[in-house]
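Single-structure report; data block below.
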Amino acid sequence: MSREALRERRRERGTRGREEGRFAEALAAAWLMLKGYQILGFRLKTPQGEIDLLARKGKTLAVVEVKRRSSVEIALQSILPQQRERLLKAAATLASRRKALRQLDLRLDLIALAPGRLPRHVHNIFNDLGASKG
């Protein structure tokens, strides 16, 4: 296979991955809205990194990481502890820019997606006692 063909194949995989990621985030947002959350933003960029979804429910501001994998179990395992600091700093940056968000309780959540399965919403993903709420 030529170098050009390999480059084209990589480019197509990247495009497909971005499209699948956007679809997964839209599905996660719809799931959260069905559960009473207000979606405040998608793919929010900060100097510390990107937040997949920012959602609010009552006095809780949820920074939501969306993971789509071949199984829900693999999606749940794919979140890394080092992401915690990055996500917390990114959320703090966003909150500092929006006065209305400063008073809310910050929580880091995960929406795990897999083909043929309902989304799984895990609250407090970095808390050993984090509650899964379906």
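Values in this text are rule-based calculations from the coordinates and carry no lab data. Predicted model only: the values in this text are computed from it and were never measured. Reconstructed Cβ throughout: ideal geometry from the backbone, glycine too, with neighbour counts over all protein chains shown.
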Among residues of segment 31-53, those that are among the aliphatic types (A, V, I, L, M) and exposed (fewer than 12 other Cβ atoms within 10 Å of the Cβ), counted:
1
Report every pair of residues separated by at least 6 positions or lying on different chains whose Cβ atoms are under 6 Å apart, first residue within segment 102-120 and in contact (Cβ under 8 Å) with a residue 60 or more places away in the chain, second among the basic types (Lys, Arg) and assigned to a strand (DSSP E or B).
Leu113/Arg68
Restricting attention to segment 95-112, and to residues there that are of a type in the set (Lys, Arg) and part of a helix (DSSP H, G or I), which single residue is farthest from the chain's Cα centre (by Cα)?
Lys99
Could you list, in sequence order, the residues of segment 47-78 that are over 19 Å from Arg22 (Cβ atoms) and assigned to a loop (DSSP other than H, G, I, E, B)?
Pro47, Gln48, Gly58, Lys59, Ser71
Kindly list, by first and then second residue, each pair from a residue in segment 75-99 that is closer than 17 Å to Ala112 by Cα to a residue that is of a type in the set (Phe, Trp, Tyr), limited to pairs with Cβ atoms under 8 Å and residues at least 6 apart or on different chains.
Pro81/Phe126; Arg84/Phe126
